[in-house]
1. Exactly one of these conditions fails for residue 77: (1) within 19 Å of the chain's Cα centre (by Cα); (2) over 30 Å from residue 31 (Cβ atoms). Give me its number.
2. Can you go through 41, 88 and tell me which one is closer than 30 Å to residue 2 by Cβ, outside any helix (DSSP H, G or I) and out of contact with any strand residue (DSSP E or B) (no Cβ under 8 Å at 6 or more places or on another chain)?
3. Where residues in region 62-77 are surrounded by fewer than 11 Cβ atoms within 10 Å (Cβ to Cβ) and part of a helix (DSSP H, G or I), which of them is modelled with the highest pLDDT?
4. Would you mind telling me which numbered condition in (1) closer than 30 Å to residue 76 by Cβ; (2) assigned to a helix (DSSP H, G or I) residue 30 fails?
5. Does at least one position in region 25-35 carry a residue that is within 16 Å of the chain's Cα centre (by Cα) and either free of Cβ contacts under 8 Å to residues at least 60 places away in the same chain or farther than 30 Å from residue 9 by Cβ (or both)?
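The values are calculated or read from the model by the stated rules, or taken from the named source; none is laboratory data. Note that the coordinates shown come from a computational prediction; the quantities given were computed from them, not determined experimentally. Methodologically, a virtual Cβ is constructed for each residue, glycine included, from the backbone with ideal geometry; neighbour enumeration extends over all protein chains shown.
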């Protein structure tokens, strides 16, 4: 298997590469979960697409200036996105109700 050859240790590997290869060997089963469970997709595109707009927002705004700002943003994003994913048609009305 190609994976085994890639993760194989070599005497000339620098220390950081040796650590990466050791982690690959240790977690091999996790990387191939989709082979044992038919309902799991090969890629993680759905999750990455769901987070894309947050990444773009962070890039445009240059991130948070403080730890508290980062925490506040993550909480608001979690609440708003949960409302939107659970009820795409009425999420904003539900969000407004939370303020009262």
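1. Of (1) within 19 Å of the chain's Cα centre (by Cα); (2) over 30 Å from residue 31 (Cβ atoms), only one is false for residue 77: (2).
2. Values: 88 fails: closer than 30 Å to residue 2 by Cβ.
None of the others qualify; the one that does is 41.
3. Filtering region 62-77 for residues surrounded by fewer than 11 Cβ atoms within 10 Å (Cβ to Cβ) gives 62, 65-68, 75.
Keeping just the survivors that are part of a helix (DSSP H, G or I) gives 67-68, 75.
Details: 67: 88, 68: 91, 75: 86.
The qualifying residue modelled with the highest pLDDT is 68.
4. Among (1) closer than 30 Å to residue 76 by Cβ; (2) assigned to a helix (DSSP H, G or I), the lone unmet condition for residue 30 is (1).
5. yes
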